[in-house]
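A.B. asks: Dropping the structure in here first, questions after.
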Amino acid sequence: MRHEYFAGSTGAPQAHSQGSATLEPFGPPSRPDIKDRDRPPMRALPFEAYLFHGESGGIRWSPHRENVLRALWNANRPMGAYEIAHILGTGRGPKHPTVVYRCLHAFQHARLVLPVITWKRFVISPDPSTVCWGLLLCKSCRSHLPVDLTSQVVSLNTRLAERGFIPRDVSAEVEGVCRACQVH
Ligand SMILES: [Zn+2]
């Protein structure tokens, strides 16, 4: 079903191929001279696909919820509840960040957005049907790079199950320096 959303999308990442969870970045073959901001957007799906996935995940869409999600989808970068509330409030008085945060929390459970725990922000998921995304965070230019960690999480869960532990939330974030920043 989700494949139809990729029709017409540019730069659909190779990482979407089943079971591959490499550390290769999205987009065309990476070149050392390419700057992070020049990369094709990592957002792989059109907005309507997120509405569809959300509905399947139990989200009941209201204009306010759609606006919150669209703000993140448009930005395609990590944003906090205060920033989103500020954007939505332009011209009509500020929206309350708490209300925005509740939306983001629901979106996270439906896998529409990824929490960026280290930066206390959220970012649109490149593909909500992927079970687990990890995030590479550049401390220098503040870029983020999602990495499909589904197969690693499956093997982690197997090992945890052997110890009788039931995981609820698994997150993986790595702070470091991206390729573009290393050459400067
Ligand atoms: Zn960087």
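The values are calculated or read from the model by the stated rules, or taken from the named source; none is laboratory data. Since the structure is predicted, the reported quantities are computational estimates derived from the model, not experimental observations. Positions of Cβ are generated from backbone atoms using ideal geometry, with glycine treated the same way; all protein chains shown enter the neighbour counts.
A.B. asks: Cys138: surrounded by 15 or more Cβ atoms within 10 Å (Cβ to Cβ), within 15 Å of the ligand (Cβ to nearest atom), farther than 24 Å from Ala71 by Cα and among the hydrophobic types (A, V, I, L, M, F, W, C), yes or no?
C.D. replies: No.
A.B. asks: I need the full set of residues from region 118-135 which are away from the ligand (no atom under 16 Å from the Cβ), more than 18 Å from Val68 (Cα to Cα) and of a type outside the set (Val, Ile, Thr), in order please.
C.D. replies: Listed by number, the residues that qualify are Ser129, Cys132, Trp133, Gly134.
A.B. asks: So for region 102-110 (the condition being in a loop (DSSP other than H, G, I, E, B), under 30 Å from Arg60 (Cα atoms), in contact (Cβ under 8 Å) with a residue 60 or more places away in the chain and away from the ligand (no atom under 16 Å from the Cβ)), does at least one residue qualify?
C.D. replies: no
A.B. asks: Within region 120-141, how many residues turn out to be out of contact with any strand residue (DSSP E or B) (no Cβ under 7 Å at 6 or more places or on another chain) and without any contact (Cβ under 8 Å) to a residue 60 or more places away in the chain?
C.D. replies: 4
A.B. asks: Another question, then. Just one of the numbered conditions (1) closer than 30 Å to Leu51 by Cα; (2) among the charged types (D, E, K, R); (3) modelled with pLDDT of 95 or more; (4) exposed (fewer than 14 other Cβ atoms within 10 Å of the Cβ) is not true of Arg121; which one?
C.D. replies: Going through the list (1) closer than 30 Å to Leu51 by Cα; (2) among the charged types (D, E, K, R); (3) modelled with pLDDT of 95 or more; (4) exposed (fewer than 14 other Cβ atoms within 10 Å of the Cβ), Arg121 breaks only (4).
A.B. asks: Kindly indicate whether Pro146 is within 16 Å of the ligand (Cβ to nearest atom), buried (at least 19 other Cβ atoms within 10 Å of the Cβ) and not polar (S, T, N, Q).
C.D. replies: yes
A.B. asks: Please name all residue pairs, on different chains or six or more residues apart, with Cβ atoms under 7 Å, provided the first residue is in region 161-184 and is of a type in the set (Val, Ile, Thr) and the second residue is in a loop (DSSP other than H, G, I, E, B).
C.D. replies: From region 161-184, the pairs are Val170/Cys132; Val177/Lys139; Val177/Ser140; Val183/Pro32.
A.B. asks: Something else now. Based on this model, can you work out whether Gly19 counts as surrounded by fewer than 17 Cβ atoms within 10 Å (Cβ to Cβ) and modelled with pLDDT under 95?
C.D. replies: The answer is yes for Gly19.
A.B. asks: Turning to a different aspect of this structure: Restricting to region 158-184, give me the number of residues that are loosely packed, with under 14 Cβ neighbours inside 10 Å, within 16 Å of the ligand (Cβ to nearest atom) and in a helix (DSSP H, G or I).
C.D. replies: Matching residues across region 158-184 total 1.
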